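Working notes for the structure below.
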Amino acid sequence: MSLFVNDPLVELDGRNLYYAFIAGAKKVIAHQAELNKINVFPVNDGDTGTNLAATIRSVIESLHPSRSYKITADRIAEATLMNARGNSGIIFAQFFYGLSNETGEYKTVTLRQFAEAVGRSVSYVYEAVARPVEGTMLTVIREMAEYINNSWNKFTDFNHLIAGSYEVLKKSLLETRTKLAILQKNNVVDAGARGFVLFFEGILEFINYGNVKELINSRSLTASFPALEESFTEKIDFRYCTEAVIKNCRIEKKSLISTLESFGNSVVVAGSDKVLRLHLHTNDPSALFSNLRDKGTITFQKADDMIRHYQIVNERKWKIAIVTDSTCDLAPELIEKYQINMLPININFGENQYLDKITMQPEQFYSMLDETADFPKTSQINESTLANLYSQLASHYDSVIAVHVSDKLSGTFYSSQKAAQKISREFNKPITVLNSRNLSGSLGLIILRIAQAIEDGLEHDEIVTLAEKWIKNTRIFVSVKTLKYMILGGRLSAAKGLIARILNINPIVSLDEEGKAVIFGKTFNQKANMELVMKHIGNINIDKKIWNYIVMHAGNPKAADWYSEKMERLTSKKPVSVVNISPALGTNAGIGAASVALLFD
């Protein structure tokens, strides 16, 4: 049975629900650029379309329908909740969570059963939001649900019920323009509400004109959308749009909401006590998650930089965007100056997950490294996270260049390639992903050189060609103070580590031309290590001119000062940056490590 007006649908099964959802989802994905550009509430950071697309894309890519309405509704609810992003994405997911929760164990549902479940779903949405605001997605969901709950008996089939509901949604959407001052000032409707209406518009178009085969085989293409004629500057009080999944939460939802509100605003808590999805805006995600550490198991975290998102929409300096990952060690002021988009590597202490440099700062990491029984593990950035960033950037930039940690050390490069290919097709814009074959400060130097080339006005393809040369001309040398962490992290066997400890041997770690970690040399202490590194750099400097260099350390500023002094004497240049090594790298380098990275002309 299919959704067509000339084939009245009096009962809805799992396949009908699935195909209707896919039709709506593809409509939202096609219009994500439009939603990004009208996104001015609660923060003008231009990511509502990206967030809604991310929330629903998992259903398209991974879900298989069951004939049972209940089973399919549960699967959609779980997929959207686990992949929800942003305020609007979590509200959207919570509506479907309520719909599945309020549906009996039905293989098919009647108009009445569907209407009653929709009506009861509204309370789930409002209870999830700490401070509900009317004139948003909340309003259009509520007014649609009230219409369906009160008017279902006027219709003979689902097709006509959807058509009637769509008219109510359109009216409710237009009224958002006058309900919120920020929307009225910008002369736009609420972006989240518009996304929900687009979802129903896609379902209605499928009812009237579509067929299942075309729907499943069609490719989602994002339509272009003109920028707003006028953009209003806005003060962003809280920098990070922060989200997490907490399993087996040990405090009541009200207490959790109260805790979250003490760290920021825009609080939404969706799902059940077994699996909660939370959202808030905060300035200190690392302190927040330190507080939540004993409240349950944190299995997922996200913290998007809303100031960077605002710049993407309103204050772009150049037409080419830069992307890297948090293994890139570069001074924060340079990341700010060049509007570099840096995605965090995942760090896991036991079952709890953190985000490198965002919800886990270097100082916290090195403190926990010796305090906790669980030795940390790192994991690559997943494809969906990269796709979300690329879709937002492609909404506003002409092209994107991404450079990641060596593919021999992480799978992030391959995930990034796959995400880039997908989003490049959706937006028909070039997204180039490069394997740096480097990490830390050497990756930072490559990113800096690319940023300066963009600043100088070079074109995308020319920069990509030059970047391959810069990658070949980059080196890094890491002086390890203790082998303890390399052994715990599995980079060195316990037997070899014991022998090295007995002989008091300390290695110098570098990367070869393919980006593999290699032992460059070894001495009997770190000071000797560092002197050997400087001797080697001095010999290279005879034949090659050093363009610039970065000094890194893991809680060892004295060693960093020593390297900086020696390098300045050699090059007559101060370091580009002196930074505390990324926690993702400190896992293996360990406390006390010091290193220098350089790029030759």
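The values are calculated or read from the model by the stated rules, or taken from the named source; none is laboratory data. Just so we're clear, the structure is a prediction, and the values are computed from it rather than from any experiment. Every residue, glycine among them, receives a Cβ derived from its backbone with ideal geometry; neighbour counts consider all protein chains shown.
Hey, among the residues in region 187-215 that are modelled with pLDDT of 90 or more and not hydrophobic (A, V, I, L, M, F, W, C), which one's farthest from Ser172 (Cα to Cα)?
Out of the qualifying residues, it is Glu205.
In region 556-601, which residues are of a type in the set (Gly, Ala, Ser), out of contact with any strand residue (DSSP E or B) (no Cβ under 7 Å at 6 or more places or on another chain) and surrounded by 17 or more Cβ atoms within 10 Å (Cβ to Cβ)?
Listed by number, the residues that qualify are Gly586, Gly590, Gly592.
Which condition does Ala467 not pass, out of (1) assigned to a helix (DSSP H, G or I); (2) of a type in the set (A, V, I, L, M, F, W, C); (3) crowded, with 23+ Cβ neighbours inside 10 Å; (4) more than 17 Å from the chain's Cα centre (by Cα), if it passes all the others?
(3)
For the structure I just gave you, tell me whether Gln184 is in a helix (DSSP H, G or I) and either of a type in the set (Lys, Arg) or within 23 Å of Pro8 (Cα to Cα) (or both). Step through it out loud before you land on a result.
Numbers: in a helix (DSSP H, G or I): yes; either of a type in the set (Lys, Arg) or within 23 Å of Pro8 (Cα to Cα) (or both): no.
Criteria not met by Gln184.
Is it fair to say Arg142 is surrounded by 15 or more Cβ atoms within 10 Å (Cβ to Cβ), of a type in the set (Lys, Arg) and under 19 Å from His31 (Cα atoms)?
no
Residues in region 309-356 that are at pLDDT 95 or above and among the β-branched types (Val, Ile, Thr): how many?
Residues flagged as at pLDDT 95 or above and among the β-branched types (Val, Ile, Thr) within region 309-356 amount to 6.
Being basic (Lys, Arg), under 25 Å from Ser272 (Cβ atoms) and touching a residue at least 40 places away in the same chain (Cβ under 8 Å) is the requirement here; does Arg142 meet it?
Here the answer is no, as Arg142 does not meet what is asked.
(1) modelled with pLDDT under 80; (2) crowded, with 17+ Cβ neighbours inside 10 Å: which one isn't true of Val478, the others all being true?
(1)
With among the hydroxyl-bearing types (Ser, Thr, Tyr), assigned by TED's automatic domain parsing to the domain that holds Asn36 and surrounded by fewer than 19 Cβ atoms within 10 Å (Cβ to Cβ) as the only criterion, which of Ser123, Ser165, Ser88, Ser100 stands out?
Selected residue: Ser123, the only one of Ser123, Ser165, Ser88, Ser100 that is among the hydroxyl-bearing types (Ser, Thr, Tyr), assigned by TED's automatic domain parsing to the domain that holds Asn36 and surrounded by fewer than 19 Cβ atoms within 10 Å (Cβ to Cβ).
Condition first: among the β-branched types (Val, Ile, Thr) and under 14 Å from Cys328 (Cα atoms). Now tell me which residues in region 338-379 satisfy that. It would help to see each step written out before you state the result.
Initial filter on region 338-379 (among the β-branched types (Val, Ile, Thr)): 340, 345, 347, 358-359, 372, 378.
Result: Ile340, Ile345, Ile358.
Among the residues of region 306-328, which ones are of a type in the set (D, E, K, R) and farther than 20 Å from Glu383 by Cβ?
If the condition is that a residue be of a type in the set (D, E, K, R) and farther than 20 Å from Glu383 by Cβ, then Arg308, Glu315, Arg316, Lys317, Lys319 are the ones that fit.
When residues of region 408-426 are filtered for being surrounded by fewer than 22 Cβ atoms within 10 Å (Cβ to Cβ) and either at pLDDT 95 or above or assigned to a helix (DSSP H, G or I) (or both), how many remain?
The total comes to 9.
Considering only residues of region 439-461 that are part of a helix (DSSP H, G or I), out of contact with any strand residue (DSSP E or B) (no Cβ under 8 Å at 6 or more places or on another chain) and not charged (D, E, K, R), which is surrounded by the fewest Cβ atoms within 10 Å (Cβ to Cβ)?
Per the stated criteria, the residue is Gln452.
Yes/no per residue for (1) under 30 Å from Phe427 (Cα atoms); (2) within 14 Å of the chain's Cα centre (by Cα); (3) crowded, with 23+ Cβ neighbours inside 10 Å:
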| site | (1), (2), (3) |
| --- | --- |
| Asn348 | no, no, no |
| Met360 | no, no, yes |
| Phe365 | no, no, yes |
| Phe375 | no, no, no |
| Glu383 | yes, yes, no |
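Only one of (1) modelled with pLDDT of 90 or more; (2) part of a helix (DSSP H, G or I) fails for Leu498. Which number is that?
Going through (1) modelled with pLDDT of 90 or more; (2) part of a helix (DSSP H, G or I) one by one, Leu498 breaks only (1).
Consider Gly521 carefully, then state whether it is touching a helix residue (DSSP H, G or I) at 6+ places or on another chain (Cβ under 8 Å) and at pLDDT below 85.
It is true that Gly521 is touching a helix residue (DSSP H, G or I) at 6+ places or on another chain (Cβ under 8 Å) and at pLDDT below 85.
Would you check if there is a residue in region 17-30 being over 30 Å from Gln311 (Cα atoms) and touching a Lys or Arg at 6+ places or on another chain (Cβ under 9 Å)?
yes
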